Amino acid sequence: MEQVNSKEGPDWKLWEQPDDYPSHGRNAFQAAEAARRQGEAAFDAFHYALLKARHEYKRDIADLATLIEVADGVGLEMEGFRNDLGDWRLLDKLAEDHTFAVETLGVFGTPTLVFPEQQAVFLKMSPPPSPEESVAVFEDVSHFAGDRQQIREIKRP
């Protein structure tokens, strides 16, 4: 979102900013990629715990202390995580993901869900569905994305 919402112009790239740039999401992205280096299960655990820290506990996921606490809490190997967290090559993945999302899928915001055959759908819900409704809501959205491609926008005032 920082890249898309930047007022710096199209040549400005979040992943090219200096270490001390006050980013809201770059540290979290880099931490998630550091977790991924420990395997997909480690990434999944870290990602879920990070989302929970942000959305349920209102933690600042730009804060390195929060990222380290979350990593430790899900049992990542911490020496490797800390070393990988400092590897700025992890931001190459951010550049790659952003470019693919914008140029290939037409993504303009989050959350965007991508279904088979690269059918992307921007989705905004409030309040979120209950746990009991979540699967049915996902199936409905999936149906619109895959089977009703002529539907371009549904918006409530």
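The values are calculated or read from the model by the stated rules, or taken from the named source; none is laboratory data. Only a predicted model underlies this, so the values are computations on that prediction, with no experimental measurement involved. Because the Cβ atoms are built from the backbone with ideal geometry, glycine has one as well, and the counts that use them run over all protein chains shown.
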Within the stretch 17-41, track down each residue that is more than 17 Å from the chain's Cα centre (by Cα) and modelled with pLDDT of 95 or more. Gln38, Gly39
Here is a list of conditions, (1) loosely packed, with under 11 Cβ neighbours inside 10 Å; (2) touching a Gly at 6+ places or on another chain (Cβ under 7 Å), and Phe122 meets all of them except one; can you say which number that is? (1)
Restricting the search to the stretch 104-124, which residues are outside the structural domain of Asp147 (by TED's automatic domain parsing) and over 17 Å from Met1 (Cβ atoms)? Thr104
So in the stretch 65-89, with the set limited to residues that are at pLDDT below 95 and hydrophobic (A, V, I, L, M, F, W, C), which one is surrounded by the fewest Cβ atoms within 10 Å (Cβ to Cβ)? Trp88
Out of the helices (runs of 4 or more DSSP H) lying entirely within the stretch 1-117, which hold 2 or more residues that are touching a residue at least 60 places away in the same chain (Cβ under 8 Å), under 29 Å from Ser142 (Cα atoms) and not aliphatic (A, V, I, L, M)? 26-36, 91-100
